[in-house]
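Got a structure for you, questions after.
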Amino acid sequence: QEYTLIKMKLLQPYPEKLKSLEGRGVFLVAATLRPETMYGQTNCWVHPEMKYVAFELENGDVFISTRRAARNMCYQDFTKKTGDYPVLVELVGQDIMGVPLSAPLTSYKIIYTLPMLTIKEGKGTGIVTSVPSDAPDDFAALRDLKNKQPFRAKYHLTDEMVLPFEPIPIIDVPAFGTLSAVTACEQLKIKSQNDTVKLQEAKEKVYLKGFYEGVMVVDDYKGQKVQNVKKMIQNKLVQQKDAVIYMEPEKQVISRSA
Ligand code: ZZB
């Protein structure tokens, strides 16, 4: 499986747990299959209780991901020595909750990490970028945070990190409009991010239609089909050094000794 890893740059001030990395380029890296949707990023999801590592790359920059993903990356020329990923800091999601990031292509200059409890450890990097216009899971989770102040308080988030962020129209999907995930969540009467069965259905609906019939509405690619620009946008992100390609083995064998 080939993913695009989106580099979301940590902005000052660094959180307590990462103070030792001051002065270095630190990136939360989000695995996506939809690089063309990066124009619609509104936040970055981390799982508050999941374990992550900050590890050193060949050029001295630092990536944050699950240990499993770091291990995969060290066999793909990300680090100095093949098979080795020097861990600088071990952390859990809550240690990097509510941190400011700069992400490529989105019109929001600063976005924040917010909690998502359905992130899977065994897929991608455990860091997930949020595109509520086109991903039903993202829309449902962001709406939960907006509607429930106690939920924000639980994770020590301020209103400024959540309330100003609205889905951005980026792709027109026939019959769903320019906010396809919002439409799908309304049609299926999805109440929260815990409506997993309905969310799966919503995702399947908009995924296929978005890929085969979606048309970009963002200025850079206005009127062009998603199918035709996906690879172009991926290349652009990689060229700008805002993304890297990351391969994930289909099935990962869990070592007994690990
Ligand atoms: C941006 C994006 C925009 C995504 C969209 C989806 C959609 P798949 O197809 O099941 O492999 N993702 C990545 N890693 C994780 C994880 N560890 N746990 C939970 N979700 C994760 O899913 C790949 C997508 O799932 C990725 O692409 C990422 O969200 C998320 F408009 O990135 B996506 C209809 C979906 N639309």
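Read-outs: derived from the displayed coordinates by stated rules, not from any lab. Quick caveat, the model's predicted, so the values are computed rather than measured. Counting neighbours? That spans all protein chains shown, and the Cβs are built from the backbone with ideal geometry, glycine included.
List the aspartates and glutamates whose Cα sits under 15 Å from the Cα of Lys81, skipping any in the same chain fewer than 8 residues away.
Glu56, Glu58, Asp61
Continuing with this model, one more query. Sort out for me the Cα centre separation of the range 88-156 from the range 179-198, rounded to whole Å.
18 Å
May I ask for the Rg/Rh ratio of the range 71-221, computed from Cα atoms with Rh as the Kirkwood radius, given to two decimals? Working shown, then result.
Details: Rg = 17.4 Å, Rh = 17.3 Å.
My calculation of the ratio gives 1.00.
Moving on to the next point. Which of the lysines could be linked to Lys120 by a straight reach, that is with a Cα gap under 24 Å, when you skip same-chain ones fewer than 8 residues away?
Cross-link targets: Lys7, Lys9, Lys17, Lys51, Lys146, Lys148, Lys154, Lys191, Lys198, Lys203, Lys205, Lys251.
Decide, for the range 1-152, between rounded, prolate and oblate: order the square roots of the alpha carbon gyration tensor eigenvalues as a ≥ b ≥ c, take rounded if a/c falls under 1.5, and otherwise choose prolate if a/b is larger than b/c, else oblate. Present the calculation step by step, with values, prior to reporting the outcome.
Values: a/c = 1.65, a/b = 1.41, b/c = 1.17.
Prolate, since a/c reaches 1.5 and a/b exceeds b/c.
For the range 101-188, just say rounded, prolate or oblate: build the C-alpha gyration tensor, square-root its eigenvalues into a ≥ b ≥ c, call rounded for a/c under 1.5, and beyond that prolate if a/b exceeds b/c, oblate if not.
It comes out rounded by the Cα gyration axes.
Using Cα pairs under 8 angstrom and six or more residues apart, how large is the relative contact order of the range 177-258, in percent? Numbers along the way, then the final one.
Values: 43 pairs, mean separation 12.8, N = 82.
Averaging sequence separation for qualifying contacts and normalising by length gives 16 percent for the range 177-258.
Suppose every Lys and Arg Cβ carries +1 and every Asp and Glu Cβ carries -1, with no other charges. What dipole size does the chain come out with about its Cα centre, to the nearest 20 debye?
Values: 34 positive and 31 negative charges, 66 e Å.
About 320 debye.
So how long is each side of the chain along the principal axes, counting just the alpha-carbon atoms, biggest first, in Å?
Sorted from largest, the Cα extents of the chain read 50, 42, 38 Å.
Something else now. Antiparallel DSSP bridges in the range 1-137: what percent, to the nearest 5?
Numbers: 23 of 29 bridges.
The antiparallel fraction comes to roughly 80 percent.
Under the classification rounded if a/c is under 1.5, otherwise prolate if a/b is larger than b/c and oblate if not, where does the range 177-258 fall, given a ≥ b ≥ c as square roots of the Cα gyration tensor eigenvalues?
Working: a/c = 2.56, a/b = 1.08, b/c = 2.38.
Judged from the Cα gyration tensor, the range 177-258 comes out oblate (a/c at least 1.5, b/c at or above a/b).
Now for a separate question. Which one, Asn194, Leu163, Gln12, projects farthest toward the positive side of the charge dipole computed for the chain from Cβ point charges (K/R +1, D/E -1)?
Towards the positive end, the residue furthest out is Asn194.
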